[in-house]
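Written below as structure tokens is the structure these notes are about.
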Amino acid sequence: MPTREAPGTGQDGGDGPGGVDDTIRALLLLMPRLVGRAKRIPVPEALRSSRLAPRHLSLLACLLFDGPMTVNELAARLEVAPTTASLLIGDLSRKGILERREDEADRRRRIVAIAPEQEPAIRAWLAPGAAAWRTALEPLTPAQRRLFVDTLLAYEAAVGGGEERD
């Protein structure tokens, strides 16, 4: 059985036009452009001094997209431990980006929300990315969307060497 050579070795693995190697080549060109465009989206002035990390952005996107929720709900959405979510929430709360309030139904629980004065800037910043994903994903069937997400997750796992997400 012939072995595949690494990309860039002058052989295409014999899978022909539209095959895995052609797709890899296309993605190797596309991924840096996607990352570069994402990095060029300016952080709103009000948030620049907050030094937000990618995990903060995921948390903010969840709250913007789905509204206020508990720490445990956020942890589940972010696929991190509740203690990790709590640390992120505490960090953003101290910076005035998030607010925590008692759950009226259960006073032991805290509801986390984007601070009202920060929401317009966060919405203006993150909404265009969500709209772009909607444009790209709406034409797909639910099965195709799941395949797309599963493929990105498999890539993340292969590149990350099994690192934990939180």
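Given the conditions (1) out of contact with any Ser or Thr (no Cβ under 7 Å at 6 or more places or on another chain); (2) buried (at least 16 other Cβ atoms within 10 Å of the Cβ); (3) among the basic types (Lys, Arg), report the number of the one that Lys95 does not fulfil.
Of everything listed in (1) out of contact with any Ser or Thr (no Cβ under 7 Å at 6 or more places or on another chain); (2) buried (at least 16 other Cβ atoms within 10 Å of the Cβ); (3) among the basic types (Lys, Arg), Lys95 misses just condition (1).
Pull out all pairs, ordered by first then second residue, where Cβ-Cβ is under 8 Å, the residues are six or more apart or on different chains, the first lies in region 88-115 and is closer than 16 Å to Leu78 by Cβ and part of a helix (DSSP H, G or I), and the second is polar (S, T, N, Q) and open to solvent by less than 20 Å² (accessible area, probe 1.4 Å).
Taking only residues 6 or more apart or on different chains, the pairs are Leu92/Ser50.
Give region 63-107 a look and list any residue that's of a type in the set (A, V, I, L, M), at pLDDT 90 or above and more than 17 Å from Glu117 (Cβ to Cβ), or say none. Working first, answer last.
First, pick out the residues of region 63-107 that are of a type in the set (A, V, I, L, M): 63-64, 69, 71, 74-76, 78, 80-81, 85, 87-89, 92, 97-98, 105.
Next cut, at pLDDT 90 or above only: 63-64, 69, 71, 74-76, 78, 80-81, 85, 87-89, 92, 97-98.
Of everything in region 63-107, those that are of a type in the set (A, V, I, L, M), at pLDDT 90 or above and more than 17 Å from Glu117 (Cβ to Cβ) turn out to be Met69, Val71, Leu74, Ala75, Ala76, Leu78, Val80, Ala81, Ala85, Leu87, Leu88, Ile89.
Can you say whether Ala130 is open to solvent by less than 70 Å² (accessible area, probe 1.4 Å), outside any loop (DSSP other than H, G, I, E, B) and either touching a residue at least 60 places away in the same chain (Cβ under 8 Å) or at negative phi (or both), as far as the supplied structure shows? Don't jump to the end; show me each part of the working.
Details: open to solvent by less than 70 Å² (accessible area, probe 1.4 Å): yes; outside any loop (DSSP other than H, G, I, E, B): yes; either touching a residue at least 60 places away in the same chain (Cβ under 8 Å) or at negative phi (or both): yes.
Answer is yes for this residue.
What is the one condition in (1) modelled with pLDDT of 85 or more; (2) within 17 Å of Val159 (Cβ to Cβ) that Asp22 does not satisfy?
Result: Asp22 passes all but (2).
Can you find a residue that is surrounded by 17 or more Cβ atoms within 10 Å (Cβ to Cβ) and in a helix (DSSP H, G or I) anywhere in region 40-47? So that I can check it myself, show each step before the final result.
Of the residues in region 40-47, the ones surrounded by 17 or more Cβ atoms within 10 Å (Cβ to Cβ) are 47.
Next, from what is left, pick out any that are in a helix (DSSP H, G or I): 47.
Yes - at least one qualifying residue is present in region 40-47.
The values are calculated or read from the model by the stated rules, or taken from the named source; none is laboratory data. All figures in this text were calculated on a predicted structure; none of them were measured in a lab. So basically every Cβ, Gly included, is an ideal-geometry build from the backbone, and we count neighbours across all protein chains shown. Surface areas here come from the heavy atoms of the whole protein model, side chains and all, with no ligands, DNA or RNA. Shrake-Rupley method; radii C 1.70, N 1.55, O 1.52, S 1.80 Å.
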